[in-house]
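Q: Take a look at this one; I'll ask things after.
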Amino acid sequence: MKKTTLFNIHEKLGAKLVEFAGYLMPIQYSSIIAEHKSVRNSVGVFDVSHMGEIFVTGEKAQDFVQYITVNDASKLFPGRVQYSAMCYNDAGIVDDLLVYKISDDKFLLVVNASNIEKDFSWMNENNKFGVSLENKSDEYSLVAVQGPNSNKVLQKICNKDLNLEYYHFFNAKIADVEMILSRTGYTGELGYELYFKGDEKIAEQVWYKIFEAGKEFNIQPVGLAARDSLRLEMGFMLYGNDIDKTTNPLEAGLGWITKLNKGSFLGREMLLKIKAEGLKRKLVGMLGHDKSFPRHGYEIKADNKNIGEITSGTISPVLERPIAMGYVDISHASEGNEVNFVVRGKESSVNIVKLPFIKK
């Protein structure tokens, strides 16, 4: 089992540690609801060092990124980040990822922890551009500082003006440590992600300096459980739950990042066919009325028929109501429709709503 550079801190804080993507990771420190609300109302810090960092270098780096991802990398400029995905030839999703353009001949692809080896293999299999691919995931720590007060906290210990636009990044020093600092995150709040190299001593220096700077804002450590409820309130997808090799970007509501007119890319021909034939199912948001807890895998019914399955669900700590995402037959996917999910044989009513559940 791997451990991140911040593992000793998680142990000292009494975090509940679980296996996730081959790492021992903190699932929670205090309570999931308290951690969730600290991010929504002030500021929280996540150790997400298990995520993958793959660097693409070479004269044709952009051509490679264009070919392997569905979004239009030609729109990027140095210092810009893009949300994208990679598809198999049958349009199934390999992974969703962030694309960082460092320079014309260098890109950073940030991939999901559970998919690092698979993604790296897929990239190498499809490297017909002669670019250099380096998996540097084990060299980097990644800390996410998220919440409305995140800017005030980090500005105290950053050597640059933190006036960064959403989905932009630059190199900076935080707590005297060189890093890539990006205005990104998985919570829907104002937030930043900090990528840096170094051993446990360096990582702990960064962590403690952030917490010192955030003391006046009651900064809290946040585990993977609250990270999941935060992303779900915003309708953000989780690979392995909401998207995987059996789902395509169009039915998953990722048409906005799927640029079918940009030229050749992996999965394009099948995606054009799927679009021409029309979707058979769609990923939708569902909002409940009671306290029934929707979970991954629960059946969705309408008119006494199975019409789909829940992919992610929880009780929203902010709305205090059940929220879920799931695939339903296209005939039932319209906003406002009432459907039911089945809990131990009992049906619980939900309405299909537009995502996100919480408007920001």
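The values are calculated or read from the model by the stated rules, or taken from the named source; none is laboratory data. Source: prediction; values computed, not measured. Here Cβ is always computed from backbone atoms with ideal geometry, including for glycine, and neighbour counts include all displayed protein chains.
Q: Run Ser349 past the list (1) at pLDDT below 95; (2) of a type in the set (Gly, Ala, Ser); (3) not in a loop (DSSP other than H, G, I, E, B) and report the number of the one that doesn't hold.
A: Every condition holds for Ser349 apart from (1).
Q: Pairs under 7 Å by beta carbon, first residue charged (D, E, K, R) in segment 343-357, partner surrounded by 14 or more Cβ atoms within 10 Å (Cβ to Cβ), six or more apart or different chains?
A: Listed by first residue and then by second, the contacts come to Glu347/Lys301; Glu347/Asn340; Lys354/Gly285.
Q: Only one of Asp72, Asp63, Asp90, Asp95 is under 17 Å from the mean Cα position of the chain (by Cα) and charged (D, E, K, R); which?
A: Details: Asp72 fails: under 17 Å from the mean Cα position of the chain (by Cα); Asp63 fails: under 17 Å from the mean Cα position of the chain (by Cα); Asp90 fails: under 17 Å from the mean Cα position of the chain (by Cα).
Just one listed residue meets the conditions, Asp95.
Q: Another question, if that's okay. As an exercise: evaluate Asn124 against (1) under 22 Å from the mean Cα position of the chain (by Cα); (2) under 23 Å from Glu269 (Cβ atoms); (3) not β-branched (Val, Ile, Thr) and give the number of the one condition it does not meet.
A: Of everything listed in (1) under 22 Å from the mean Cα position of the chain (by Cα); (2) under 23 Å from Glu269 (Cβ atoms); (3) not β-branched (Val, Ile, Thr), Asn124 misses just condition (1).
Q: For the structure I just gave you, tell me whether Val56 is within 17 Å of the chain's Cα centre (by Cα) and over 30 Å from Leu17 (Cα atoms). It would help to see each step written out before you state the result.
A: Values: within 17 Å of the chain's Cα centre (by Cα): no; over 30 Å from Leu17 (Cα atoms): yes.
So Val56 fails the test.
Q: Please determine, by comparing only the residues of segment 263-304 that are over 23 Å from Gly235 (Cα atoms) and under 24 Å from the mean Cα position of the chain (by Cα), which one is surrounded by the most Cβ atoms within 10 Å (Cβ to Cβ).
A: Here the residue is Gly267.
Q: Using beta carbons and a limit of 8 Å, which pairs, at least six apart or on different chains, have the first residue in segment 67-87 and of a type in the set (Phe, Trp, Tyr) and the second one in a helix (DSSP H, G or I)?
A: Tyr83/Ile257
Q: When segment 229-246 is examined, which residues are found to be surrounded by 19 or more Cβ atoms within 10 Å (Cβ to Cβ) and hydroxyl-bearing (Ser, Thr, Tyr)?
A: Ser229, Tyr239
Q: Residues of segment 50-107 being of a type in the set (D, E, K, R), within 15 Å of Lys118 (Cα to Cα) and in contact with a Lys or Arg (Cβ under 7 Å, 6 or more places away or on another chain), which ones?
A: From segment 50-107, those of a type in the set (D, E, K, R) are 53, 59-60, 63, 72, 75, 80, 90, 95-96, 101, 104-106; that's our starting set.
Then drop every residue that is not within 15 Å of Lys118 (Cα to Cα), which leaves 53, 95-96.
Scanning segment 50-107 gives a single hit, Glu53.
Q: Could you say which residue among Ser132, Ser141 is under 28 Å from Ala34 (Cα atoms), in contact with a Ser or Thr (Cβ under 6 Å, 6 or more places away or on another chain) and either of a type outside the set (Gly, Ala, Ser) or in contact (Cβ under 8 Å) with a residue 60 or more places away in the chain (or both)? Show your work before the answer.
A: On the way: Ser132 fails: under 28 Å from Ala34 (Cα atoms).
Being under 28 Å from Ala34 (Cα atoms), in contact with a Ser or Thr (Cβ under 6 Å, 6 or more places away or on another chain) and either of a type outside the set (Gly, Ala, Ser) or in contact (Cβ under 8 Å) with a residue 60 or more places away in the chain (or both) holds for just one of Ser132, Ser141, which is Ser141.
Q: Can I ask one more? Here is a list: Ser264, Ser334, Ser312, Ser292. Which entry is of a type in the set (Ser, Thr, Tyr), assigned to a loop (DSSP other than H, G, I, E, B) and touching a helix residue (DSSP H, G or I) at 6+ places or on another chain (Cβ under 8 Å)?
A: Working: Ser334 fails: touching a helix residue (DSSP H, G or I) at 6+ places or on another chain (Cβ under 8 Å); Ser312 fails: assigned to a loop (DSSP other than H, G, I, E, B); Ser292 fails: touching a helix residue (DSSP H, G or I) at 6+ places or on another chain (Cβ under 8 Å).
That would be Ser264, the only listed residue that is of a type in the set (Ser, Thr, Tyr), assigned to a loop (DSSP other than H, G, I, E, B) and touching a helix residue (DSSP H, G or I) at 6+ places or on another chain (Cβ under 8 Å).
Q: Now a separate question. Select from segment 15-29 the residues that are β-branched (Val, Ile, Thr) and in a loop (DSSP other than H, G, I, E, B) and list them in ascending order. Walk me through how you get there before you give the answer.
A: Residues of segment 15-29 that are β-branched (Val, Ile, Thr), as a first pass: 18, 27.
Scanning segment 15-29 gives no hits.
Q: Of (1) surrounded by 18 or more Cβ atoms within 10 Å (Cβ to Cβ); (2) among the charged types (D, E, K, R); (3) more than 24 Å from Pro356 (Cβ to Cβ), Lys160 satisfies all except one. Which?
A: All conditions are met except number (1).
Q: Starting from segment 88-103, keep only residues that are not assigned by TED's automatic domain parsing to the domain that holds Ile257, then list their pairs with residues that are of a type in the set (Asp, Glu) and surrounded by 19 or more Cβ atoms within 10 Å (Cβ to Cβ) whose Cβ atoms are within a distance under 7 Å, requiring at least 6 positions of separation or different chains.
A: The qualifying pairs are Val94/Asp119; Asp95/Asp119.
Q: I would also like to ask the following. What single numbered condition from (1) assigned to a loop (DSSP other than H, G, I, E, B); (2) surrounded by fewer than 21 Cβ atoms within 10 Å (Cβ to Cβ) fails to hold for Pro249?
A: Tallying (1) assigned to a loop (DSSP other than H, G, I, E, B); (2) surrounded by fewer than 21 Cβ atoms within 10 Å (Cβ to Cβ), Pro249 fails exactly one: (2).
Q: Still on this structure, please answer the following. As an exercise: evaluate Asn171 against (1) of a type in the set (S, T, N, Q); (2) part of a strand (DSSP E or B); (3) under 15 Å from Thr4 (Cβ atoms) and give the number of the one condition it does not meet.
A: So Asn171 meets the others, but not (3).
Q: Across segment 344-360, which residue is surrounded by the most Cβ atoms within 10 Å (Cβ to Cβ) among those that are among the small types (Gly, Ala, Ser) and on the phi < 0 side of the Ramachandran plot? Let's see the steps before the verdict.
A: Filtering segment 344-360 for residues among the small types (Gly, Ala, Ser) gives 345, 348-349.
Then keep just the ones that are on the phi < 0 side of the Ramachandran plot; that gives 348-349.
Values: Ser348: 18, Ser349: 14.
The qualifying residue surrounded by the most Cβ atoms within 10 Å (Cβ to Cβ) is Ser348.
Q: For segment 57-75, which residues satisfy the criterion of being polar (S, T, N, Q) and buried (at least 23 other Cβ atoms within 10 Å of the Cβ)?
A: Of segment 57-75, the ones polar (S, T, N, Q) are 57, 62, 66, 69, 71, 74.
Thr69, Asn71 - these are the residues of segment 57-75 that are polar (S, T, N, Q) and buried (at least 23 other Cβ atoms within 10 Å of the Cβ).
Every residue, every condition in (1) touching a residue at least 24 places away in the same chain (Cβ under 8 Å); (2) small (Gly, Ala, Ser); (3) surrounded by 22 or more Cβ atoms within 10 Å (Cβ to Cβ), yes or no:
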{"residue": "His168", "(1), (2), (3)": "yes, no, no"}
{"residue": "Ile174", "(1), (2), (3)": "yes, no, yes"}
{"residue": "Glu193", "(1), (2), (3)": "yes, no, yes"}
{"residue": "Gly198", "(1), (2), (3)": "yes, yes, no"}
{"residue": "Glu204", "(1), (2), (3)": "yes, no, no"}
{"residue": "Ile210", "(1), (2), (3)": "yes, no, yes"}
{"residue": "Arg227", "(1), (2), (3)": "yes, no, yes"}
